[in-house]
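The values are calculated or read from the model by the stated rules, or taken from the named source; none is laboratory data. This is a predicted model, so every value here is computed, not measured. Here the Cβ is made from the backbone with ideal geometry for all residues, glycine too, and neighbour counts use every protein chain on show.
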Amino acid sequence: MTETNTTAKRITISQASAFTGQRVEIPGWLYNIRKSGKIVFPILRDGTGLMQCVAVKSNLPEEVFESLKHLTQESSLIVTGTIRAEARAAGGFEMDVEGAQIIQRVSEEDPYPITPKEHGTEFLMDRRHLWLRSQRQHAIIRVRHEIIKSCRDYFDNNGFTLVDTPIFTPSACEGTTTLFECNYFDDEKAYLTQSGQLYSEANAMAFGKVYCFGPTFRAEKSKTRRHLTEFWMVEPEMAWADLEEIKRVAEEFVIYVVGRVLDKRREELKVLERDTAKLELVQSPFIRMSYTDAVKNLQEHGSTIEWGSDFGGGDETILTQQFDRPMLVDRFPTAIKAFYMQPDYDHPEVALGVDVLAPEGYGEIIGGGQRIHDPELLLRRIEEHKLPKEAFDWYIDLRKYGTVPHGGFGMGIERAVAWICGLEHIRETIPFPRMLYRLRP
RNA sequence: UCCUCAGUAGCUCAAUGGUAGAGCAUUCGGCUGUUAACCGAAGGGUUGUAGGUUCGAAUCCUACCUGAGGAGCCA
């Protein structure tokens, strides 16, 4: 342990280029170290980047050199030194070390488990709290941040008001089989929300154009690379909007989000080895196809799908791999859609719903559509779906007091992150994924 | 819930029914420009659990546990 010079300015690694030739101190963690006799190269990590340091035995007090030489991975320390442009270093800059204060040396009895080598999924998932320190996870989480911020910016810039909806709900949105149940004092049951939509409809009647953004929960026993039990969803809802307007907004929104990531997160996409040429193609117009045409298309390509059933496992892949940009598929059979979905005025056997399918096999990232605004039709559908009318009294009220055509959609953030980052599995898209069989850490 | 595959050193993996091994990690030694550095040495194992077959089981059989991939359902 040695004192660091208090006159050196404290900076982050991301700021280093602006301090070339200056003496600074950087607090961080030891990412890796390479030794070559009387010169050692500790690589420092501080959350903003990596900095190769150069510690030369002849330029340092004996105890400082020895403490650096025997430092263990993820030990915390503050290094002081001079920043220098260096083509041989990974980031283009490195630090000539003049002093180092070791805050904690990680014990060799119990070394940091995640080495710069290969690890299996289970090992990493059990250590998700540590895995987040790695470069790849940084890139993904930063892209996620950009996606979330651009979702908010898009709606904020287009006349939407953020009106958040409750997490605890008294009843189901679409049946109770996929809801997490919990006790809400005494004997009452509450459920974790699986969508803010019904409340957003109330908010849209109050504010015109609204969106909510928060976590949603599905107790589905789905064990696939596309499912989480807790995931984030952004859900815009618009009064006076018909299906065509909803499709227009969904397309414009997706183009904006992808464009923002391409604009601001090139470095991260490079770390992830994402083929950005595929993302550059996300431009208007998206492919537009009705459900009925999609079924015909699928049958011609060998699918066993029949009109009236939902897309099966490979169907979305067969569909999307024919095109290089997202698809808008609309007018699904009314029978397989939620009770609130507005039937087509001329062909009531199909509903005015729309899904956005991402290309490259990523499939559905957005689902939405126009909601029923006619009070009698809504009551009839509630009965047909055998839903408890009392639970929907407030929802029915929205059709009694100045009902108007309206609708919106929801985008699953993690699926969007997986697509834009080009990830194999959704588990890496959220800091602490919650899945069937995975609640910890 | 169903189907398929896999559990061997801290990690990633070898080992055809016959003495349980390598690379990385850790410790020690060497090296003044390394890029997942390299070279040398050391320590590290009840082969997921329980039972069975066999002279002999990491290997074959049965059950269970854990994980992965997929199906159904969905964003």
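A:Gly367 fails exactly one of the following numbered conditions: (1) at negative phi; (2) out of contact with any helix residue (DSSP H, G or I) (no Cβ under 9 Å at 6 or more places or on another chain); (3) surrounded by fewer than 14 Cβ atoms within 10 Å (Cβ to Cβ). What is the number of that condition?
(3)
Of everything in segment A:366-400, what is without any contact (Cβ under 8 Å) to a residue 24 or more places away in the chain and outside any helix (DSSP H, G or I)? Give them in sequence order.
Across segment A:366-400, the qualifying residue is only A:Lys386.
On the given criteria, is A:Arg415 within 16 Å of RNA strand B (Cβ to nearest atom) and in a helix (DSSP H, G or I)?
In short, yes.
Which pairs turn up if I take residues in segment A:49-72 that are in the same structural domain as A:Glu267 (by TED's automatic domain parsing) and look for partners that are in a helix (DSSP H, G or I) with beta carbon separation below 6 Å, at least 6 apart in sequence or on another chain?
Pairs that qualify, where the first residue is in the same structural domain as A:Glu267 (by TED's automatic domain parsing) and the partner is in a helix (DSSP H, G or I): there are none.
What number of residues within segment A:317-361 satisfy the criterion of being within 12 Å of RNA strand B (Cβ to nearest atom), surrounded by fewer than 22 Cβ atoms within 10 Å (Cβ to Cβ), outside any loop (DSSP other than H, G, I, E, B) and touching a residue at least 24 places away in the same chain (Cβ under 8 Å)?
5
Regarding A:Tyr154, is this residue surrounded by 18 or more Cβ atoms within 10 Å (Cβ to Cβ) and among the hydroxyl-bearing types (Ser, Thr, Tyr)?
Taking the combined requirement at face value, the residue satisfies it.
A quick yes/no check of all residues on (1) within 15 Å of RNA strand B (Cβ to nearest atom); (2) closer than 21 Å to A:Glu414 by Cα; (3) at pLDDT 85 or above:
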residue	(1), (2), (3)
A:Ala139	no, yes, yes
A:Thr178	yes, yes, no
A:Asn183	no, no, yes
A:Glu188	no, no, no
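Please go through (1) more than 9 Å from RNA strand B (Cβ to nearest atom); (2) part of a strand (DSSP E or B); (3) under 27 Å from A:Leu228 (Cβ atoms) for A:Phe409 and return the number of the only condition it doesn't satisfy.
Among (1) more than 9 Å from RNA strand B (Cβ to nearest atom); (2) part of a strand (DSSP E or B); (3) under 27 Å from A:Leu228 (Cβ atoms), A:Phe409 violates only (1).
The rows are residues; the columns are (1) surrounded by fewer than 17 Cβ atoms within 10 Å (Cβ to Cβ); (2) farther than 20 Å from A:Glu364 by Cα; (3) touching a residue at least 12 places away in the same chain (Cβ under 8 Å).
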position	(1), (2), (3)
A:Pro170	yes, yes, yes
A:Lys221	yes, no, yes
A:Thr229	no, no, yes
A:Met233	no, no, yes
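Please name all residue pairs, on different chains or six or more residues apart, with Cβ atoms under 6 Å, provided the first residue is in segment A:423-441 and is over 16 Å from A:His129 (Cα atoms) and the second residue is part of a helix (DSSP H, G or I) and near RNA strand B (Cβ under 7 Å from one of its atoms).
Pairs found: A:Ile426/A:Glu414.
Taking segment A:125-137 as the search range and keeping residues that are part of a loop (DSSP other than H, G, I, E, B) and within 12 Å of RNA strand B (Cβ to nearest atom), which one is nearest to A:Ile13 (Cα to Cα)?
It comes out as A:Ser134.
Could you check how many residues of segment A:35-77 are farther than 20 Å from A:Gln137 by Cα, more than 13 Å from RNA strand B (Cβ to nearest atom), touching a strand residue (DSSP E or B) at 6+ places or on another chain (Cβ under 8 Å) and not in a strand (DSSP E or B)?
1
Name the pairs whose Cβ atoms lie under 7 Å apart, with the first residue in segment A:107-124 and more than 6 Å from RNA strand B (Cβ to nearest atom), the second assigned to a helix (DSSP H, G or I), and 6 or more positions between them or separate chains?
Every condition considered, the pairs that remain are A:Ile114/A:Leu130; A:Ile114/A:Trp131; A:Leu124/A:Trp131.
Return the residues of segment A:418-441 that are more than 10 Å from RNA strand B (Cβ to nearest atom), under 22 Å from A:Gln194 (Cβ atoms) and in a loop (DSSP other than H, G, I, E, B); say none if nothing qualifies.
Matches in segment A:418-441: A:Pro431, A:Phe432.
Please determine, by comparing only the residues of segment A:85-106 that are part of a loop (DSSP other than H, G, I, E, B) and more than 6 Å from RNA strand B (Cβ to nearest atom), which one is surrounded by the fewest Cβ atoms within 10 Å (Cβ to Cβ).
Of everything passing the filter in segment A:85-106, A:Ala87 is surrounded by the fewest Cβ atoms within 10 Å (Cβ to Cβ).
Sort out for me the strands (runs of 3 or more DSSP E) sitting completely within segment A:189-269 that have 1 or more residues that are touching a helix residue (DSSP H, G or I) at 6+ places or on another chain (Cβ under 9 Å).
A:209-217, A:230-239
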